[in-house]
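The values are calculated or read from the model by the stated rules, or taken from the named source; none is laboratory data. Quantities reported herein were computed from a predicted structural model and do not represent experimental measurements. Neighbour counts run over all protein chains shown; Cβ positions are idealised from the backbone, glycine included. Only protein heavy atoms, including side chains, enter the accessible area calculation; ligands, DNA and RNA are left aside. Shrake-Rupley method; radii C 1.70, N 1.55, O 1.52, S 1.80 Å.
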Amino acid sequence: MSEVIPEGTIRVLDHGFVRLDDAMASDLSVVNGARVSFARRKLEMDESDDGLIRFLMRERHSSPFEHSVFRFHVRAPIFVAREW
């Protein structure tokens, strides 16, 4: 019986894989996280927001990027999972 591997799956080792299951954030959540101390919140992105994200990356301001949450589906041998 062959196994069906969903699209976007990265095969690891012989029988393992890693796949992004869900992303619970967007570029807009990063922008709003960066501007929270100024009590500003946007509902849509514009060109200035693209520049803000580039600035945050260039200057290594990482805390606004921590407002994002990712969920992964990982299949690995038990000894790998225990070490992880």
Unmet criterion (only one of (1) open to solvent by 90 Å² or more (accessible area, probe 1.4 Å); (2) under 16 Å from the mean Cα position of the chain (by Cα); (3) on the phi > 0 side of the Ramachandran plot) for ALA39: (2)
Of the criteria (1) open to solvent by less than 100 Å² (accessible area, probe 1.4 Å); (2) under 13 Å from the mean Cα position of the chain (by Cα); (3) touching a residue at least 40 places away in the same chain (Cβ under 8 Å), which one VAL80 fails: (2)
Identity of the residue in segment 12-37, β-branched (Val, Ile, Thr) and closer than 30 Å to ALA76 by Cα, that ends up modelled with the lowest pLDDT: VAL12
Any chance VAL69 is under 14 Å from ALA25 (Cα atoms), touching a residue at least 24 places away in the same chain (Cβ under 8 Å), of a type outside the set (Asp, Glu) and surrounded by 10 or more Cβ atoms within 10 Å (Cβ to Cβ): yes
Test: PHE55 is of a type in the set (A, V, I, L, M, F, W, C), exposed (fewer than 13 other Cβ atoms within 10 Å of the Cβ) and within 17 Å of the chain's Cα centre (by Cα): no
Which numbered condition ALA25 misses (of (1) without any contact (Cβ under 8 Å) to a residue 40 or more places away in the chain; (2) in contact with a helix residue (DSSP H, G or I) (Cβ under 7 Å, 6 or more places away or on another chain); (3) aliphatic (A, V, I, L, M)): (1)
Candidate set from segment 21-36 (those that are open to solvent by 50 Å² or more (accessible area, probe 1.4 Å) and part of a loop (DSSP other than H, G, I, E, B)); member that is nearest to THR9 (Cα to Cα): MET24
In segment 45-84, the residues that are over 15 Å from VAL18 (Cα atoms), modelled with pLDDT of 85 or more, charged (D, E, K, R) and not in a loop (DSSP other than H, G, I, E, B): GLU47, ASP49, ASP50, ARG54, ARG58, ARG82, GLU83
